[in-house]
Every structure is written in structure tokens, then in C-alpha cells.
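Inspection log for the structure reproduced underneath, given as C-alpha cells.
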Amino acid sequence: MAQQLEFAGQSGQGYRYLPLDDSAAISPTGANFLFVRVKGGEQSVVFAGETECLHKGVHAGWDKARKTHGATTIFVRLNVTRAIRQAELDDIVALHQPPMNGPED
């Protein structure tokens with residue numbers, strides 16, 4: 001089983017994410033996703049997003065995240081409820097301030 005990582009939000013709440021396995025079928029479920037630069041033992045969130053349909057939305061912006069910000073892994077957290085996804089996204093963005101979630105990207 002793939003190793004889960006916990007990403008904290010500004011509130012102190014932790015959210016467990018799994019690395020996306022591109023060799024497996026991607027769920028059509030709503031989800032939050034993170035583009036993360038993993039270097040050594042440290043992780044840096046370069047983009048945080050949410051989508052109604054993971055298999056359609058998860059790769060939007062991935063090429064830019066890799067090329068411009070050094071992202072190495074996509075992490076996902078399935079969650080059907082849009083309001084919960086949005087609250088989690090806001091919480092993570094508030095703490096990590098991913099560069100691709102800023103006004104210039």
C-alpha cells in the first residue's frame with residue numbers, strides 16, 4: 001500500500017493524502033489534490049486544488065508545477081462533499097501558501 005502523508009492546515013487539522021498511482025484507474029469521485037515537491041525528507045506544496053471529478057481535473061496544471069516549481073508527486077484525498085473539499089483547500093492554502101495558488105499563477 002502507498003504511504004500516506006499528512007498535510008496540516010492553518011487550523012492545525014491534519015489531512016491524510018495518498019500519492020496518485022498513475023498506473024491505476026483514477027476515481028471519478030470528487031477530491032482534493034496537492035502537487036508536491038519532495039526533496040530529501042521534506043515536502044513543499046506547490047499547488048492545492050479540488051475537483052468534482054478526480055480523473056478529469058487532477059492533471060490540470062501538472063506540467064507547469066513540474067517544470068516551473070519542481071513538483072515531483074501528486075497527492076490525493078477523496079471527498080465527495082464540495083463544501084468540505086473547499087474548506088480543506090482553504091485551510092491548506094492558508095498555511096502552505098503554494099506558489100501556484102497565488103495571484104500570479
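Here, each number is a calculation from the coordinates, and none is a lab measurement. Remember, predicted model here, so these are calculated numbers, not experimental data. Every residue, glycine among them, receives a Cβ derived from its backbone with ideal geometry; neighbour counts consider all protein chains shown.
One table, with the values for the structure above:
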{"read-out": "Taking only Cα atoms of the chain, radius of gyration then Dmax in Å", "value": "12.6, 37"}
{"read-out": "GluC sites (Glu not before Pro) within the stretch 34-72: DSSP coil, no more than 13 neighbouring Cβ in 10 Å", "value": "E52"}
{"read-out": "Extension gain, V80 back to Q13 (0.36 nm per residue minus Cα-Cα distance, nm)", "value": "22.2 nm"}
{"read-out": "Backbone N within the stretch 50-94 under 18 Å of label point (7 Å from D22 Cα along the Cβ vector)", "value": "54-77"}
{"read-out": "Stretch gain in nm, segment W62-V38, where the contour uses 0.36 nm per residue and the Cα spacing is subtracted", "value": "7.2 nm"}
{"read-out": "Computed over the chain: relative contact order in percent, which uses C-alpha pairs under 8 Å that are six or more apart", "value": "34 percent"}
{"read-out": "Q97 versus T72: modelled label distance in nm, points set 7 Å from Cα along the beta carbon direction", "value": "2.4 nm"}
